[in-house]
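Data block below; observations after.
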Amino acid sequence: MNARAPQHNNVVIQSLAQIGNCGLFLLTLLVAIPRSFRYVRETVRQLWFVGAMSLTIIMVCGLFIGMVLMLQLYNVLSIFGSTSASGMVVALAVYRELGPVVTALLFAGRAGTSITAEIGLMRATDQIDAMEMMAVDPIAYVATPRFLAGLIAMPLLCCVFCAMAIFGGHLVGVTWLGIDNGTFWSNMTAVVVVHTDIVNGVLFKSLVFGAVVSLIAVFQGFTTPPTSEGVAYATTRTVVASSIAILALDFVLTAFLM
Amino acid sequence: MSQQRSSYAVGTGLFIVLGFAALAYLATQTSSVANVHQGASYSVDAHFTNIGQLKERAPVKIAGVRVGQVQSITLTPGQEVADVKLAIDKRYDAIPQDSVATIFTSGLLGDQYVGIEYGSSKQMVAAGGTLSRTKSSQPLEEMLGKFFGAGGVTDNIGGTYVVKADFTNVGTLSAGAPVKMAGVVIGSVQSVRADPVKLNAQVVLAIDKRYDTIPDDSSAAVFTSGLIGSQYVAIQPGGSPDALKDGDEMILTQSAMQLEDLIGKFLVNGSSSDKKDAGDGKSDTPAGKH
């Protein structure tokens, strides 16, 4: 498997070729899904690595996002005497935008980079080639399990993130700043709709982001030049490309789902 | 190796369970109605003709202090009153039977809550009892309507009779504006037009037939409801034994005031009444009085 892009000098053509290769790589990944069922244990191991191991950072960040959001909203809304609406705004902001986007950015930094670096080093040390020699399909054994793990892990991580953000908002708003507990929850439940906010906002967006981030991470790993410099470069590229893709896709998805 | 694998599996399983637990939390606690745990409470019914924006779990307050929350809001089919169940903390179990439950709004744009004002009855409302005296939420439209004086134009149930009045200045008075006596709407302005001969404004007032004993020396004035409200015609009864009849003309009129006059009047009146009511050091009131 050698999906490396041919060298071009023009930046535009180069990035177009990159996107095209990435799309082709996605097809290869999807086709390899049935074959990777043999390696379901590997998928579970990757899920543990990208999902369970990311829980700490996701939970801490979610908590602080909720807390700071509530603090800011409280200060602004107290001008209008409507601080009781701040819980509702925290919930909507987190469910619709901050939850999926921040989780995806953290996921790209925490899990995407290590996927790229791991696969890149496998390439650099010829482990991928060795697998092919041993008649083990590297796409089905290395790429697809990581891709699937990212796809499954992201929505779950996003749910945890949102729950922690609500908890943080509650902590600051109700416990510290004295917003009424019942008002906090009743305002929230009055505006949050399961379909538009939780299914479309939290679950669908994070599923798409999970797919995009893990695709980019695996693709960068597989196409990295087999040198230590190349691995470093590919890792950086994973973060940059993932972040841009997440934020651009977030706008597109929001526009479509609204 | 298998030991290590099974620890991966356990960790992954825990992660998945946690993720789904978080999802369930989001879907049930923050989006649909769920019961927040509260201390021991008892429930009291209150019936309102209009609950406005009151929501379940909105606070219930006595003297501004939260004592419970709204448990449920239901509407019995075929009835026009909403049945609001209030869950009140057991500690506050001495609420007189004749207390008044009112739906208030915190601030102008704030949330609504139920305020309970104590009555004087010796009998306390029991768990499951009903607070029979309630004041419903005031819809903003109604309040604004009252404020602008345009909300309560009577439907001409018993027919109207027509009275003319000449003003030198009607301000922004327009057809359809209310005609009030003692602040109560008794009719409406039928037409406003300039008199080509007398060069003043001739206003035709349609007054409800029920009010047929208005003295014929009563005066009509163009007033403004509030500082920025719309204008209406106020009738100040005179002392004549004869009543106004259909087609009569009111001689005594007071025209609309210019905004400058109005503000001047408002400031002077407002401050002098302040002084009378509160007397809390507002000694810098203007001396001029009307």
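Extent of the stretch A:49-107 along its three principal axes (Cα atoms, max minus min coordinate, largest first): 46, 18, 14 Å. Peptide A:184-194 shows a mean partner chain C-beta count of 6 within 10 Å per residue C-beta. Placing a label point 7 Å from the Cα of A:S15 along the Cα-to-Cβ direction, the residues of the stretch A:214-251 with a backbone N closer than 11 Å are A:241, A:244-245. By the beta-carbon count within 10 Å of each Cβ, the least crowded to most crowded order of B:V222, B:V179, B:V67, fewest first, is B:V67, B:V222, B:V179. Over all other residues within a Cβ to Cβ distance under 15 Å of A:V202, the charged ones net out to -1, with Lys and Arg as +1 and Asp and Glu as -1. With θ taken as phi - 60° and the Karplus curve 6.51 cos²θ - 1.76 cosθ + 1.60 applied, the whole-hertz 3J(HN,Hα) list for the stretch A:112-122 is x, 5, 6, 4, 4, 5, 5, 5, x, 5, 4 Hz, x standing for glycine and proline. Modelled label positions at B:D89 and B:I73, each set 7 Å beyond Cα in the direction of Cβ, lie 2.4 nm from each other. If R0 is 56 Å, the Cβ-Cβ spacing of A:L27 and A:S78 corresponds to a FRET efficiency of close to 0.55. Rounded to the nearest whole Hz, the Karplus-based 3J(HN,Hα) values (6.51 cos²θ - 1.76 cosθ + 1.60, θ = phi - 60°) of the stretch B:116-129 follow the sequence 10, 9, 5, x, 10, 5, 7, 7, 9, 6, 8, 4, x, x, with x at glycine and proline.
For the segment B:52-61, counting C-beta atoms of other chains within 10 Å of every residue's C-beta and taking the mean gives 4. Here each label is just a point 7 Å from Cα along the line to Cβ, and for A:F64 and A:T196 those points are 3.2 nm apart. 3J(HN,Hα) along the stretch B:236-249, derived from phi through the Karplus expression 6.51 cos²θ - 1.76 cosθ + 1.60 where θ = phi - 60°, amounts to 9, x, x, x, 5, x, 8, 9, 5, 10, 4, x, 5, 10 Hz, with x in place of Gly and Pro.
Taking amide H positions as modeled 1.01 Å from N, with prolines and chain starts lacking one, the residues under 5 Å from B:T253 and 5 or more places away or on another chain are B:A220. For the stretch A:10-149, evaluate the Debye formula with one uniform point scatterer on each Cα (no solvent term) and list log10 I(q)/I(0) at q = 0.09 Å⁻¹, rounded to two decimals. Values, matching the q order: -0.45.
Computed over the alpha-carbon atoms, the stretch B:66-130 gives an Rg to Rh ratio of 0.99, Rh here being the Kirkwood radius from the mean inverse distance. Residue-normalised convex hull volume from the C-alpha trace of the stretch A:102-258: 121 Å³ per residue. For the residues of A:42-50, the average number of beta carbons from a partner chain within 10 Å of their own beta carbon is 4. Peptides A:86-99, B:233-246, A:114-127 ordered by packing proxy, namely the average of other Cβ atoms within 10 Å per residue, highest first: A:86-99, A:114-127, B:233-246. Of the peptides A:174-183, B:91-100, A:63-72, B:69-78, the ranking by mean beta-carbon count within 10 Å, highest at the top, reads A:63-72, A:174-183, B:91-100, B:69-78. Taking N as the residue count of the stretch A:76-131, its C-alpha radius of gyration divided by 2.2 N^0.38 Å amounts to 2.09.
Taking amide H atoms as placed 1.01 Å from N in the peptide plane, the amide H of B:K135 lies under 5 Å from those of B:A101, B:T102, B:I103, each 5 or more residues away in sequence or on another chain. Among the listed pairs B:K55/B:K122; B:K135/B:K209; B:K90/B:K135; B:K55/B:K135, a Cα-Cα separation exceeding 28 Å is found for B:K55/B:K122; B:K135/B:K209.
Extending 7 Å from the Cα toward the beta-carbon at both B:V184 and B:A24 defines two label points whose distance is 6.3 nm.
Read-outs: derived from the displayed coordinates by stated rules, not from any lab. It should be emphasised that the depicted structure is a prediction, and the values quoted were computed from it without experimental measurement. With ideal geometry, Cβ positions are generated from the backbone for all residues, glycine too; neighbour counts draw on all protein chains shown.
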